[in-house]
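Reading through the structure tokens given below for one structure.
The values are calculated or read from the model by the stated rules, or taken from the named source; none is laboratory data. Note that the coordinates shown come from a computational prediction; the quantities given were computed from them, not determined experimentally. Note that we place each Cβ from the backbone using ideal geometry, even for glycine, and neighbour counts take in every protein chain shown. All accessible areas refer to the heavy atoms of the entire protein, side chains included, with ligands and DNA or RNA removed. Shrake-Rupley method; radii C 1.70, N 1.55, O 1.52, S 1.80 Å.
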Amino acid sequence: MTGPGAEALLKQLEATVEENLDRHLASAEDWMPHEYVPWAEGRNFAVLGGEPWSAEQSRLSPVARTALELNLLTEDNLPSYHAELGSTFGRRGAWGLWVNRWTAEEGRHAACIRDYLLVTRGVDPESLERARMATMQAGFDSGAKPLLHACAYVSFQELATRVSHRNTGRYCADPVAEKLLTRIAMDENLHMLFYRDLVKAALEIAPGQTLRAITDEVTGFVMPGSVIPGFARKAARIAQAGIYDLRVHHDDVIMPLVRHWRIFETEGLDAEGEQARQELAAALETLDARAARFVARRAEAEAALDPGRAR
Ligand SMILES: [Fe+2]
Ligand SMILES: [Fe+2]
């Protein structure tokens with residue numbers, strides 16, 4: 001790899017981190033997670049003389065429950081993400097301030113989704129707790145990504161999380177859940193903006209190196225929730241329901257950032273950058289084709305189940 005090393009990049013990007021942090025603090029609204037939870041609906045479980053959980057107590061559909069559970073367990077693994085970001089970005093100066101602020105904001109996401117689900121009996125609390133223990137014990141290891149790779153990854157990841165919370169909220173068909181998840185999605189959006197603009201600055205400082213990082217993160221993208229027990233099966237159900245599928249991933253997560261960074265309009269790239277950009281173009285084409293195949297197969301399967309709905 002050519003270009004500045006991690007230490008030099010941390011220094012060169014520090015002013016941007018400081019600027020982005022100031023902007024973030026000015027635009028982030030303080031919000032109170034407890035105000036989004038319908039506490040009056042809550043009641044005791046069996047050990048305290050109440051009723052044990054059963055599925056018919058929930059007003060959510062099974063797929064909505066699965067989506068909320070995946071989102072929650074992904075948020076639950078925050079200590080792993082905090083450790084990873086802390087070791088990549090460091091704990092000093094603006095970088096350290098950002099890591100702590102970001103962690104504090106992320107911390108309320110799991111707290112209020114869990115409160116909502118327990119109070120409304122939207123999830124089996126025993127299987128949720130077992131899954132939380134398994135997820136956090138597995139931890140999340142992104143493979144010690146270099147700085148620019150980490151910045152590209154979290155840009156896509158924050159946007160993926162925003163879209164996933166927002167689409168889950170809509171799918172729930174429960175105004176309380178939708179309001180809560182829309183609120184969380186607004187946090188994720190500000191996180192995405194922070195990283196998106198950091199990558200933008202990196203593209204100016206070290207274009208070839210940054211393009212290489214973006215390409216690697218698009219081609220090797222793995223959801224942090226992949227360590228959750230039964231993730232592949234659950235993610236498939238969510239894709240089937242259109243909450244988060246390859247089409248959403250390509251159209252609403254990858255492409256908006258690729259366009260914003262003006263990757264295909266950048267001139268004067270070095271050989272490394274040119275090579276990365278060609279690989280990225282090919283990867284985007286493949287992803288788009290896979291998304292089209294997925295959507296076509298899903299439509300066929302739906303038509304086979306319900307011929308009246310076929311066009
Ligand atoms: Fe979050
Ligand atoms: Fe976030």
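Annotation: Lys179 carries an accessible surface of approximately 130 Å², with a 1.4 Å probe and no ligand, DNA or RNA atoms counted. About its Cα centre, segment 132-270 has a charge dipole of approximately 560 debye under the convention of +1 per Lys or Arg Cβ and -1 per Asp or Glu Cβ, with nothing else charged.
For the chain, the longest principal axis of the Cα atoms and the long axis of helix 175-205 meet at an angle of about 10 degrees.
About its Cα centre, the dipole of segment 104-199 is roughly 140 debye, where the only charges are +1 on Lys and Arg Cβ and -1 on Asp and Glu Cβ.
Using the Karplus relation 6.51 cos²θ - 1.76 cosθ + 1.60 with θ = phi - 60°, the per-residue 3J(HN,Hα) values for segment 132-148 come to 4, 4, 5, 5, 6, 6, 5, x, 10, 10, 8, x, 6, 5, x, 3, 5 Hz, with x marking Gly and Pro.
Packing here is the average count of other Cβ atoms within 10 Å per residue, and on that basis the peptides 48-60, 267-279, 80-92, highest first, run 80-92, 267-279, 48-60. Ranked by the mean number of other Cβ atoms within 10 Å per residue, highest first, peptides 229-236, 300-307 order as 229-236, 300-307. Would you work out if the chain is rounded, prolate or oblate? Take a ≥ b ≥ c from the square roots of the eigenvalues of the alpha-carbon gyration tensor; rounded if a/c is under 1.5, else prolate when a/b is larger than b/c, oblate otherwise. It is oblate, given that a/c is not under 1.5 and a/b is not larger than b/c.
Across the accessible surface of segment 151-194, with the other protein chains kept in place and a 1.4 Å probe, carbon and sulfur atoms take up 58 percent.
Entry note, the chain: relative contact order of 22 percent, from Cα contacts under 8 Å with a spacing of 6+ residues.
For the chain, the longest principal axis of the C-alpha atoms and the axis of helix 62-76 are separated by about 50°. What segment 130-259 shows is 37 Å² of accessible area per residue, with the surface traced by a 1.4 Å probe over protein heavy atoms. Phi-derived couplings, Karplus 6.51 cos²θ - 1.76 cosθ + 1.60 at θ = phi - 60°, listed residue by residue for segment 18-35: 4, 4, 5, 5, 4, 4, 4, 5, 6, 9, 6, 8, 6, 9, 10, x, 5, 7 Hz, with x used for Gly and Pro.
Computed about its Cα centre, the charge dipole of the chain is approximately 760 debye, with only Lys, Arg, Asp and Glu carrying charge at their Cβ. Report summary: the helix-based calculation at 222 nm, which adds -39500 (n - 2.57) for every DSSP H run with n ≥ 4 and divides by the residues of the chain, gives -23000 deg cm²/dmol.
Using θ = phi - 60° in the Karplus curve 6.51 cos²θ - 1.76 cosθ + 1.60, the 3J(HN,Hα) couplings for segment 260-268 round to 4, 6, 6, 4, 8, 10, 5, 10, x Hz; x is entered for Gly and Pro. Size descriptor for segment 231-311, Kirkwood hydrodynamic radius: 14.8 Å (Cα pairs only, one decimal). Of all the options Val258, Val17, Val47, the one that moves most in a Gaussian network model of the chain with Cα springs shorter than 10 angstrom is Val47.
Listed by chain and number, the lysines whose C-alpha is less than 19 Å from the C-alpha of Lys200, apart from same-chain residues fewer than 8 away, are Lys11, Lys145.
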